[in-house]
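Step one of this worksheet: look at the structure below.
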Amino acid sequence: MAIDIKVPQLPESVADATVATWHVKPGDKVSRDQNLVDIETDKVVLEVVAQEDGVMGDIIAESGATVGAEEVIGKLEAAGSASSNAKADKADSKAETKAEAKTEAKADRPASGGSKVEVKVPTLPESVADATVATWHVKAGDAVKRDQNLVDIETDKVVLEVVAEADGVLAEILHDSGATVGANDVIGILMAGASGSDSKADSKDDSKADSATAQSGDSDEGDSEVAGPAVRRLLAEQGLKVADVKGTGKGGRVTKEDVEKHVKDSSNKSTPANKPAATTAAPAVSGDREQKRVPMTRLRKTIAKRLLEAKNSTAMLTTFNEVNMKPIMDLRNTYKDIFEKRHDTRLGFMGFYVKAVTEALKRFPEVNAALDGDDIVYHNFFDISIAVSTPRGLVTPVLRDTDKLSIADIEKGIKDLAIKGRDGKLTMDDMQGGNFTITNGGVFGSLLSTPILNPPQSAILGMHKIQDRAMVVDGKIEILPMMYLALSYDHRIIDGKESVGFLVTIKELLEDPQRLLLDI
């Protein structure tokens, strides 16, 4: 009996949704409560699970289709046909594995245990037109497991992971790293259903075919251990053997780059002999003078564009002050152990910074406002962007409703955002919005800087390195831990009076933290 697979009830105010990713294909055996498909709305991603054991039937709405609540998007067949389908797949796999001899044919056959599955770019976030293939984590010919991350797709805001829909072998990569792709573009081919033993047998067959083409007398199994099918085919085209090329891959494996470098080096060595003797040799130089050209990532391009836009389209000005951090440091040293034991998070300085900034924004609403054309938009909420350095570049995820958060909540929120940024897990919701930005260059040793605005925000606060300096206090010189503050602001909306008053308020609150409790 066929069971309808339906879109679940959508959240309030959501009219329709998008079929994001099918995790099974027609003919696959599924278990009760197994996730079949992800349904993506503009707010959340919903999982649709199997109601009982069975076999996946027809898929009515493919990935990328727009659907409504309760709409039928697929069929689940009764459990009786699962075993017969599995046996048929195995029989087809064995017959076609024996018949396969070349890599090109391998991409078009239901090889090594199943059928061809297209690896597609997922549905991109709203307002994102295209994306870049960032990093392939597997190579053509590698065995993969279900839900294993195959490739990272980078947009100008987030990094999306594309995972394997089933166990199998990655047969072909259609778009290499750096290629620009659109939503639902096919970027690779996965041969689903290959087990570990199937992959080894297939590797031996490919090794024998490539060995015969190259007329090599080496052992097929030995070659397959140090070079994949694509590499062995390239070696055959160049008339080389695996032993001729030094492998730099894991376990001494020979990669495509190793073969290309070997061919290039061989060509460079033979070029001088072919040149006329009268040619003047270039001056000899010593040392490593190689150059490396790397295209900018999409995120880096976006950062550059936004920073240049901020510089050219705003009347940006920066004002400075300094703050004595001794009261905060004494308070922190006194209570940090108790704080960590009570709240299960470390007591840092950012919690105090955010609290002080939130209070200052309440007193100076112009700093919390933004320009929209000829209008000034005043925000009655406090969402603060925190600049986070990640391996892919600087991002500014948002800590929301900071006026309602305790210092412990702020510290936990910043820690979570930093971890998500480091691991590339920040979502669109994490990045959108924000009325004011805090950037702490002091963690990298910066003593003083002029931060650039984060449009459409009107101001940004730069915190810097805490450094002992000689200061005059009540006519005496004392050594105090001082830190420079820098407030960059858009002079079109914020006047000097408000900017200086805002910065002085932060200074007073940090130098006398009891003010935060007394609201004075």
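For segment 356-455, the Cα-based Rg and Dmax, in that order, read 14.1, 40 Å.
Could you put Phe352, Phe381 in order, starting from the residue whose Cβ has the fewest other Cβ atoms within 10 Å? Each step should come with its number before you reach the end.
Values: Phe352 22, Phe381 12.
Listed from fewest to most nearby Cβ atoms, that is Phe381, Phe352.
Spacing of the modelled spin labels on Phe320 and Ser446, each 7 Å from Cα toward Cβ, amounts to 1.4 nm. Note on Asp147 and Arg253: their simple-model spin labels are 2.4 nm apart, each label 7 Å out from Cα toward Cβ.
Determine the gain in length on full extension of the stretch Gln432-Ile338; use 0.36 nm per residue of separation and subtract their C-alpha separation, reporting nm with one decimal. Don't skip to the end; give the middle numbers.
On the way: separation 94, 0.36 × 94 = 33.84 nm, distance 3.47 nm.
The span from Gln432 to Ile338 would gain 30.4 nm if fully extended.
Report the calculated FRET efficiency for Lys404 and Glu260 (r = Cβ-Cβ distance, R0 = 60 Å), to the nearest 0.05. Kindly include the intermediate steps, with their values, before the conclusion.
Numbers: r = 57 Å, r/R0 = 0.96.
The formula returns an efficiency of 0.55 here.
The order of Ser267, Ser177, going from fewest to most other C-beta atoms within 10 Å of their C-beta, is Ser267, Ser177.
Projected label points at Ala470 and Glu290, each 7 Å from Cα along the beta carbon direction, are separated by 5.2 nanometres.
Which pairs in the list Lys120/Lys412; Lys301/Lys425; Lys120/Lys241; Lys362/Lys415 are over 29 Å apart, alpha-carbon to alpha-carbon? All intermediate terms of the calculation are to be shown ahead of the outcome.
Values: Lys120/Lys412 36 Å; Lys301/Lys425 19 Å; Lys120/Lys241 35 Å; Lys362/Lys415 25 Å.
With Cα atoms farther than 29 Å apart: Lys120/Lys412; Lys120/Lys241.
Using the count of nearby Cβ atoms within 10 Å as a rough guide to exposure, how do Lys120, Lys476, Lys6 rank from fewest to most? Could the numbers behind the result be given before it?
Working: Lys120 20, Lys476 7, Lys6 15.
By the 10 Å Cβ count, ascending: Lys476, Lys6, Lys120.
The length gained by stretching the chain between Asp519 and Glu237 to full extension, at 0.36 nm per residue less their Cα-Cα distance, is 93.9 nm.
The calculated FRET efficiency for the pair Asp176 and Met1, based on their C-beta separation and a Förster distance of 45 Å, comes to about 0.45.
Stretching Lys415 away from Gln34 to a fully extended chain increases their span by 133.9 nm, per 0.36 nm per residue minus the current alpha-carbon distance.
A short reminder: the numbers here are calculations on the coordinates, not readings from a lab. Every value quoted in this text rests on a predicted model; they were computed, and no experiment measured them. Counting neighbours? That spans all protein chains shown, and the Cβs are built from the backbone with ideal geometry, glycine included.
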